[in-house]
Amino acid sequence: MKQDAGGPSAFSIAPMTLEDIPHVMEIEMQSFPTPWSESSFRFELQENPYASLFVARSGDRPEPVVAFACVWVVDQEMKINNIAVHPLWRGRGVGTRFVRFLLGFAAGQGCREATLEVRPSNAAALQIYARTGFVQVGRRKRYYSDTHEDALVMVCRLPSPGGP
């Protein structure tokens, strides 16, 4: 488990467990117009060999889970499939610190890059991704089935093992 220092917004990051799913679902339902199902999280946790799921927990608040992420590591790429911060914890740097944790995790797995898709309307996420080294490399037209909004494809190159 990684402890993140930083005053009242201090939190720790750990692997997600089945017991975390109800708390994750609460954040998921508040964060996305078309949320993942509980069975999707269960599948990722129990059956997908490429998936790694993490939660951030607060050290000083009653909410058991303040953020979560689901990533896939395939060959030398980490794909961020789902990440969200509880609405009460947004704007405190949790998202930025969580993405930095994920990039460190990816580098530790030997990944050379991290990728994701994000809605152009998600200004807060775009700021986090730019702050953590992601750049837009493409656009998927009408990617999101709920709103037919495009998806911006973003990539963050990771340092080579043993490199700078």
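The values are calculated or read from the model by the stated rules, or taken from the named source; none is laboratory data. Everything quoted here is computed from the prediction, not taken from an experiment. Methodologically, a virtual Cβ is constructed for each residue, glycine included, from the backbone with ideal geometry; neighbour enumeration extends over all protein chains shown. Surface areas here come from the heavy atoms of the whole protein model, side chains and all, with no ligands, DNA or RNA. Shrake-Rupley method; radii C 1.70, N 1.55, O 1.52, S 1.80 Å.
Couple of notes before you dig in:
- Within region 106-130, if we keep just the residues that are open to solvent by 70 Å² or more (accessible area, probe 1.4 Å) and more than 19 Å from V71 (Cβ to Cβ), the residue that is modelled with the highest pLDDT turns out to be Q127.
- The test for being among the β-branched types (V, I, T) and crowded, with 21+ Cβ neighbours inside 10 Å does not hold for V73.
- Single residue of region 131-150 satisfying the filter (modelled with pLDDT of 95 or more and of a type in the set (G, A, S)) that is surrounded by the most Cβ atoms within 10 Å (Cβ to Cβ): G133
- Pairs where the first residue, in region 78-102, is closer than 13 Å to A125 by Cβ and free of Cβ contacts under 8 Å to residues at least 40 places away in the same chain and the second is surrounded by fewer than 19 Cβ atoms within 10 Å (Cβ to Cβ) and of a type in the set (V, I, T), C-beta under 6 Å, 6+ apart: V99/T132
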